[in-house]
Amino acid sequence: MNWRSLMWILWPSFLVGAATSATVFAMVDPLDLVLFGAVQLSRQAVYAGGFFLFWLMAALSSALSLFMAPPAPRTEEPDDF
């Protein structure tokens, strides 16, 4: 995997992760969430964890799409010399 492919995966998934976390946390108050019945995290911890979870899910989706895409046809580079 080259740098260009990595950016095709990470940049759109970053944007989707940001939009998804903004949408979810506009409707859900992080202080209302309780993990495992007793653990209550701060707002910033829930915001960060949610963002990275959404970013990871979107990155996996983008990586799977890129993996399943057909390879680009090889073309001859013209000689400009």
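The values are calculated or read from the model by the stated rules, or taken from the named source; none is laboratory data. The structure presented is a predicted model; accordingly, all values stated were derived computationally and were not measured. So basically every Cβ, Gly included, is an ideal-geometry build from the backbone, and we count neighbours across all protein chains shown. Side chains are part of the model used for accessible areas, which takes the heavy atoms of the whole protein and leaves out ligands, DNA and RNA. Shrake-Rupley method; radii C 1.70, N 1.55, O 1.52, S 1.80 Å.
Brief remarks on what is shown
- The angle separating the long axis of helix 43-68 from the principal Cα axis of greatest extent in the chain is about 30 degrees.
- Å² per residue, accessible surface of the chain at 1.4 Å: 84
- Rounded to 10°, Cα long-axis angle of helix 3-27 versus longest principal axis of the chain: 30
- Of all accessible heavy-atom area on the chain, the percent that carbon and sulfur account for (1.4 Å): 69
- Average Cα contact separation per residue, the chain, under 8 Å, 6 or more apart, as relative contact order %: 41
- Seen from Gln40, the other residues with C-beta closer than 15 Å to its C-beta sum to a net charge of -1, counting Lys and Arg as +1 and Asp and Glu as -1.
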